[in-house]
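Just below is one structure, and these are the notes that go with it.
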Amino acid sequence: MNRQQHDVLKYIYERNEVKARAVLIDMDRRYNDHRDFYPLAALLIEGYIGFTGPIPKASSQDGASSHIDAYYIVRLFQCYSKGPGPQSYDGISIFIEQGKDSAFFIAAKGLIYFHERNERRKEWWTVAGLGLVSAIIAGCATGWLASTLRLTGAS
């Protein structure tokens, strides 16, 4: 997962649900067109986030969204990013009433992602702490043995 995807996912995770326009307008945009939203569409298609807005029926036979559906989704997100009211972009049109907005929410896979990430971080700190403690103990034991051997060797 790249940095932009992680940042957007973390933003949604921390709030559980965010308005679509808030996310789409505030995203870092390199191209200022639909191409900026492919990372967000990937999170949606892979099940990290959910979307309450209109998503087309999946084109694959098993009912899951395919990567071909991503092109429709990014054009839809481009419409949302243009602001409230009726918007259209590259054959996609939306009309959202004033004050109404679709939302992104954290989905099961997104929750699991952050849970596993936090567990890995805890494991890393535990291993680092145990390594530090064992190094201190080994240093103390070595120092004690060296001083004991010097005392017995001197007599």
Inset, instruction - Report yes if PHE114 is outside any strand (DSSP E or B), within 22 Å of MET27 (Cα to Cα) and among the aromatic types (Phe, Trp, Tyr), otherwise no. - result: yes
Inset, instruction - Could you list, in sequence order, all residues of segment 91-111 that are farther than 18 Å from ALA20 by Cβ and assigned to a loop (DSSP other than H, G, I, E, B)? - result: GLY91
Inset, instruction - Name the residue, out of ILE25, ILE73, ILE49, that is modelled with pLDDT of 90 or more, under 18 Å from the mean Cα position of the chain (by Cα) and aliphatic (A, V, I, L, M). - result: ILE49
Inset, instruction - Answer with yes or no whether TYR72 is over 17 Å from VAL23 (Cα atoms), assigned to a helix (DSSP H, G or I) and hydroxyl-bearing (Ser, Thr, Tyr). - result: yes
Legend entry - Candidate set from segment 1-47 (those that are assigned to a helix (DSSP H, G or I) and of a type in the set (Asp, Glu)); member that is farthest from CYS79 (Cα to Cα): GLU14
Inset, instruction - Test LEU130 against the stated conditions and say whether it is surrounded by fewer than 10 Cβ atoms within 10 Å (Cβ to Cβ), over 20 Å from the mean Cα position of the chain (by Cα) and either assigned to a helix (DSSP H, G or I) or modelled with pLDDT of 95 or more (or both). - result: no
Legend entry - Residue within segment 128-148 that is in contact (Cβ under 8 Å) with a residue 40 or more places away in the chain and of a type in the set (Ser, Thr, Tyr) present: no
Legend entry - Test: residue in segment 110-118 that is within 28 Å of TYR80 (Cα to Cα) and surrounded by fewer than 10 Cβ atoms within 10 Å (Cβ to Cβ): no
Inset, instruction - Report, by residue number, each residue of segment 4-32 that is closer than 16 Å to LEU43 by Cα and aromatic (Phe, Trp, Tyr). - result: TYR11, TYR13
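The values are calculated or read from the model by the stated rules, or taken from the named source; none is laboratory data. These figures come from a predicted structure and were not determined experimentally. Every residue, glycine among them, receives a Cβ derived from its backbone with ideal geometry; neighbour counts consider all protein chains shown.
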